[in-house]
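Report on one structure; see the data block that follows.
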Amino acid sequence: MAKHFNGKRILVTGGCQGIGYGIATELWKQGANVVALSNQKESLQKLHKEYPSIEVVCVDLRDWAKTKAAVDALGIFDGLVNNAGIAKTEPFLECTPEYFDETITVNTKAVVNVSQIVAKKMIQNKIKGSIVNISSQASKAALRDHTAYCASKAAVDSITRVMALELGQFGIRTNTVNPTVVMTDLGRAVWAEQSKKQAMLSKIPLGRFGEVSEVVNAVLFLLSEQASMISGVHLAVDGGFLAL
């Protein structure tokens, strides 16, 4: 396999489970020096045991100050994937301020916090880097019982466009990948109930959910020099969901 990321140092938040695990390990296979950041200590330890050369960092993204200190101590990166996120379901009329705040903190504020630190060091070291933020089809289409989640991902899309506008002068590209339901272990469990599954599948023209590898491929493309003129876009990996 060609090693497109040979020698590149890349930070992946939420990099020890699901899509993040897929991104981190595929980057490693393609020659990158990967740092995986998460608050899931056991999953990080498991990842490090499987891939000893992947550096792991345990920090809770909900804590702005501790996250800033941890990321700052990691040094310089050529690329960043803001993948960490949470998603709980609450009907609009029952959406609580506590969950709304937590969702915005993890899914949105953490993107700003981590990206500020990484981008500043890219600029200081004249690195023409790439930042990919994992968003969702929920940023552009309403999903029942997903008030906080939809709001958080719509904000990620908007923030990404501003990042592309302001960081472009330094040669830093910023994009999002916006997946549909993805068949991680969690995704398979959440969407196992047939009526719920079929209701969502009926809205996807390709008639199936996404696989982790399909999201990983999109992320690695946007990180790579193959996407050297792409910035400020929202790449849907949704089987046509947003085309309806």
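No lab work stands behind these numbers, since they all come straight from the coordinates. Bear in mind the structure is a predicted one, so any value in this text is a computation, not a measurement. We place every Cβ from the backbone using ideal geometry, glycine too, and count neighbours over all the protein chains shown.
Miscellaneous remarks
- Signed unit charges on C-beta, dipole axis of region 139-227, positive-most listed residue Y149, A164, Q226: Y149
- Extension reserve of the E225-K68 stretch, reckoned as 0.36 nm per residue once the Cα distance is removed: 53.7 nm
- Computed from the C-alpha gyration tensor, the three semi-axes of the ellipsoid equivalent to region 62-116 are 27, 11, 7 Å, from longest to shortest.
- With Cα atoms, 0 to 90° folded angle of helix 18-29 axis to the chain main axis: 30 degrees
- Each Lys or Arg adds one and each Asp or Glu takes one away; over the other residues whose Cβ falls under 14 Å from the Cβ of L223, this sums to +3.
- Alpha-carbon geometry of region 25-118: the Rg and the Dmax are 15.0, 48 Å, given in that order.
- Total charge dipole magnitude, the chain, about the Cα centre, Cβ charges on Lys, Arg, Asp, Glu only, Debye to nearest 20: 520 debye
- Order by protection proxy (mean Cβ within 10 Å, highest first), peptides 113-123, 13-23: 13-23, 113-123
- Length released on extending from E98 to E42, taking residue separation times 0.36 nm less the Cα-Cα span: 17.5 nm
- All distinct Cα pairs of the chain go into the 1/r average, and the inverse of that average, the Kirkwood radius, is 18.1 Å.
- Taking other residues whose beta carbon is less than 15 angstrom from the beta carbon of A199, and scoring Lys, Arg as +1 and Asp, Glu as -1, yields +3.
- Nearest 10 degrees, 0 to 90: helix 212-223 Cα axis against the chain principal axis: 40 degrees
- The phi torsions of region 188-195, fed into the Karplus equation with coefficients 6.51, -1.76 and 1.60 and a -60° offset, translate into couplings of 5, 6, 5, 9, 6, 5, 4, 5 Hz, rounded to whole numbers, with Gly and Pro shown as x.
- Calculated SAXS-style log₁₀ I(q)/I(0) at q = 0.15, 0.22 Å⁻¹ - region 88-206, Debye, Cα scatterers: -0.77, -1.23
- Net charge dipole size for region 31-70 [Lys, Arg +1 and Asp, Glu -1 on Cβ; Debye, nearest 20]: 80 debye
- Ellipticity estimate at 222 nm from DSSP helix runs (n ≥ 4, -39,500 (n - 2.57)) divided over the chain, nearest 500: -13000 deg cm²/dmol
- Fluctuation leader among K109, K46, K128 - the chain, Gaussian network, Cα springs under 10 angstrom: K46
- Relative to the longest principal axis of the Cα atoms of the chain, the long axis of helix 41-50 makes an angle of roughly 60 degrees.
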